[in-house]
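Q: Please see the structure below; I have some questions.
What follows draws every value from the coordinates through simple rules; no lab data is involved. Just so it is clear, the model here is predicted, and its values are computed rather than measured. Positions of Cβ are backbone-derived with ideal geometry, glycine not excepted, and every protein chain shown enters the neighbour counts.
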Amino acid sequence: MTVQARIYSGQWIGDCSRPGCSNAEWLLEGDRAYGTPLPVFRCSYCLQLDMIEWPDPEFVRDAMAVLAVRPLPHTRNWYPPEHPEAVKVGLPHGQSVDDLRDENRDHGVPVPA
């Protein structure tokens, strides 16, 4: 199985794929927001191992730059397309960097280039 990388409160995380586990782990080594992407997910709770599906590196960099200027951590989120959690609760998913910039503009937050 694979784990989809997503941004939660300005940090890259992944959700364990084992049914019933529901644990999440940070996906970067070093700095939790800008560290080195890990290739493998290891759940510290159930010990599940999975490969991590990352967006392309340019998206990773640009999305973090746009979300980092949002003043409240709970607004610094991004879900990949069709992410089960986002779909289940009706959250935006699969947004482009331009979509994230538009959200910043809509809320009066600076828009990095």
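Q: What nm distance separates the two modelled labels at Met1 and Val89, each placed 7 Å from Cα along Cα→Cβ?
A: Spacing of the two 7 Å Cα→Cβ label points: 1.9 nm.
Q: In whole angstrom, how far apart do the alpha carbon centroids of region 11-55 and region 61-105 sit?
A: Each part reduced to its Cα centre gives a spacing of 18 Å.
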